[in-house]
Amino acid sequence: MPPPSRDGAGQHQESLFPVGDLIPEAEPAALSQDAARLLDVREIHAEPEAAASPRGRQILARFPQARLIEVDSHWRIPHLHGNQGNAERWVRVKTETLVLGVRKTLTSRPNGRSADWIAPGASNGCAMACAYCYVPRRKGYANPITIFTNIDRIVASLERHVAGQGRKPQPNQCDPACWVYDIGENGDCSVDALICDNTADLIRAFRCWPTAKASFATKFVNRGLLALDPRGRTRIRFSVMPPEDARLLDIRSSPVTERIAAAGDFVEAGYEVHFNLSPVVLRPGWEAAWTQLLQQMDDALPPAVKTQAAAEIILLTHNQDLHEVNLGWHPRAEDLLWRPDLQQAKRSQNGGHNVR
């Protein structure tokens, strides 16, 4: 089916399958205020299999006025990923566009930092617009959320992998007793949960696996996650940085003070809560700014958080291609992020030119 005309914006979806199939038995949940702030979805690019799946139909029912456009591959959408002009519409594309795909690679990769394994993620891309984010490096000039709708196969793959590992033979820095799986390497699971039940399905799955824990980093406080009863099997890592840096670099994210304030509620709801001190940007006054932040955390965090918390510290790495894209939509951030006169050059594993 050819893509519908751009003149159709605001009209009902053109369906890849009978319209009746889009109508769920129950009305879809209304978008929360948080979702409405981040997402005003007007077009959905979908692989046919993804759109026809139960999860795909859940998403389409949640955004009934969005134009539905068939694509052969979620990775190859020329007017998104190949259109240099989209750099100037960076935030608008994130707000108005979703992509639905089927994840083909279902392997868990070794990590060994904050997690033992990187799980096959249920999404790629984000509605937030952190200027230093590494995910857009592969996507060209636009980085909207891609949701993978074959969540049943992702969970089944993880279940096989967890079973194959058996019990953890000895403690390590990731966890003293459980294998830790990062389920959100290329997205933000808290934001994904505004769109569909992928995050909820993963949290429910991990609470049934006594030898494993899920883990994901987030810059968004989604209080809807408090109702999911993780039973200690999911670790949320709130990323924090000095608020003055976050206001410039963490575009569309929850304020740092809100992330810190939420930690106690998430521990009470049954989550582990850790922190990413990330990224540390070395600029004039950085030591004083981080000292103030750490003092703020010490003052604000309740004992229940402090007794179980750990932190990972990540210094900034930036990429030349992303630097060029950022100049098209947020050049002020690059005054802070791109300082090759002070930074060390590094060639990434995939050949990219980075500084750190």
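The numbers here are math on the coordinates, done by the rules we state, and not lab data. Just so it is clear, the structure is predicted and the values come from calculations on it, not from any experiment. With ideal geometry, Cβ positions are generated from the backbone for all residues, glycine too; neighbour counts draw on all protein chains shown.
Ignoring lysines fewer than eight residues from residue 94 along the same chain, the ones with Cα atoms less than 27 angstrom from its Cα are 104, 139, 219.
Rounded, prolate or oblate, given the Cα gyration tensor of region 32-111, with a/c below 1.5 counting as rounded? Rounded shape, in that the Cα axes give a/c under 1.5. Of the peptides 234-245, 139-150, 285-296, the ranking by mean beta-carbon count within 10 Å, highest at the top, reads 139-150, 234-245, 285-296.
Rounded to the nearest 500, the helix-only mean residue ellipticity at 222 nm of the chain stands at -8500 deg cm²/dmol, with each DSSP H run of n ≥ 4 adding -39,500 (n - 2.57). Take the Kirkwood radius over Cα pairs of region 164-236, plug it into Stokes-Einstein at 25 °C and 0.890 mPa s, and you get 192 µm²/s for translational diffusion. Excluding residue 229 itself, what net charge comes from residues whose Cβ is under 13 Å from its Cβ, given Lys and Arg +1 and Asp and Glu -1? Local charge sum for residue 229: +3.
How large is the dipole of region 153-217 about the Cα centre if only Lys and Arg carry +1 and Asp and Glu carry -1, each at its Cβ, rounded to the nearest 20 debye?
On the way: 7 positive and 8 negative charges, 81 e Å.
So the dipole magnitude of region 153-217 works out to roughly 380 debye.
Rounded, prolate or oblate: which one fits the chain, using the alpha carbon gyration tensor with axes a ≥ b ≥ c (rounded when a/c is under 1.5, else prolate when a/b beats b/c, else oblate)? Judged from the Cα gyration tensor, the chain comes out oblate (a/c at least 1.5, b/c at or above a/b). Of 310, 345, 61, the residue with the greatest mean-square motion in the GNM of the chain, using alpha carbon springs below 10 Å, is 345.
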